[in-house]
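Participant: Got a structure here, written out as structure tokens. Questions coming.
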Amino acid sequence: MLALTILPSFILAAAVIEITPGPNMAYLAHVALNQGRMAGFAAVAGVALGLSIIGVLAAFGVGALIDGSPVAYQMMRWLGAAYLLWLAWEAWTQSSEDHADMPGKAAGLMPLFWRGLITNLLNPKAAVFYVAMLPQFVHVELGRTTMQLAILTAANVAVATTIHLGIVLMADRVRSALAKTQAMTRIRQGLALSLVAVAIWFLVSTAR
């Protein structure tokens, strides 16, 4: 079983890594600012599922396979950057009226859920995190290493989700304060440009 002294240090490490600006932060802020908290919550759910899937795959060695394969790693990072650029273009060309009736409809929330999921599945840094970080907190002498990995994965998803929900709530508050003002258009375009910047940073930070 996981030692009680290990979990707090892992949670702290996961929190520090998670608050570093990245694809999730920019995407969730954009969604919540444009479509409100319910849309942001749907995107957060997709991100959480993506992190969970990557954690499970990493436990079965898929993460190590991607990390050790230059072709697979490069394919993921370029697809991830391209996807972020596509989201940025979509954000830039959207108008406020495009989503006026979407936040309360399940049909409008599902695409946001899937985009949050895809954003994570195309992020090789998430896979590398599970491969490089989690083993450092697993102690073989304690036994049940699979259980230890499961607990660490759940803790990471919980930390990430908590931070992501905070981002959504803050963006939604800004949205409420600036609703029906022309400043919203400028902020929306600024977030679109931030997605472009994140895509570039993503490529630079994951280069090998």
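The values are calculated or read from the model by the stated rules, or taken from the named source; none is laboratory data. Note that the structure is predicted; figures quoted are calculated from it, not measured. Ideal geometry is used to build each Cβ from the backbone, glycine not excepted, and the neighbour counts take in all protein chains shown.
Participant: Hey, can you tell me all the residues within the range 20-39 that are of a type outside the set (A, V, I, L, M), touching a Leu at 6+ places or on another chain (Cβ under 7 Å), over 10 Å from Leu112 (Cβ atoms) and modelled with pLDDT under 85?
Facilitator: The answer is Pro23, His30.
Participant: Next question, about the same structure. What are the pairs, 6+ residues apart or on separate chains, where a residue within the range 185-208 that is under 17 Å from Val168 (Cα atoms) and of a type in the set (S, T, N, Q) has its Cβ under 6 Å from a residue that is modelled with pLDDT under 75 and crowded, with 17+ Cβ neighbours inside 10 Å?
Facilitator: No pair meets every condition.
Participant: Among the candidates Val204, Val138, Val159, Val128, single out the residue that is farther than 30 Å from Gly36 by Cβ and modelled with pLDDT of 75 or more.
Facilitator: Numbers: Val138 fails: modelled with pLDDT of 75 or more; Val159 fails: farther than 30 Å from Gly36 by Cβ; Val128 fails: modelled with pLDDT of 75 or more.
The conditions single out Val204.
Participant: Here is a further query. Under the condition of being touching a Phe, Trp or Tyr at 6+ places or on another chain (Cβ under 9 Å) and farther than 15 Å from Ala13 by Cα, which residue from the range 152-169 is surrounded by the fewest Cβ atoms within 10 Å (Cβ to Cβ)?
Facilitator: Leu165
Participant: Here is a further query. Within the range 170-177, identify whether any single residue is modelled with pLDDT of 75 or more and either at positive phi or within 17 Å of the chain's Cα centre (by Cα) (or both), and answer yes or no. Explain how you work it out, then say what you get.
Facilitator: Going residue by residue through the range 170-177, those that are modelled with pLDDT of 75 or more are 170-175.
If we keep only those that are either at positive phi or within 17 Å of the chain's Cα centre (by Cα) (or both) as well, we get 170-171.
Within the range 170-177 (the criterion being modelled with pLDDT of 75 or more and either at positive phi or within 17 Å of the chain's Cα centre (by Cα) (or both)), the answer is yes, since at least one residue qualifies.
Participant: Those residues that are surrounded by fewer than 15 Cβ atoms within 10 Å (Cβ to Cβ), in contact with a helix residue (DSSP H, G or I) (Cβ under 9 Å, 6 or more places away or on another chain) and either under 22 Å from Ala81 (Cα atoms) or among the polar types (S, T, N, Q) (or both), I need them from the range 1-60; list them, please.
Facilitator: Residues satisfying the conditions are Ser9, Ile19, Pro21.
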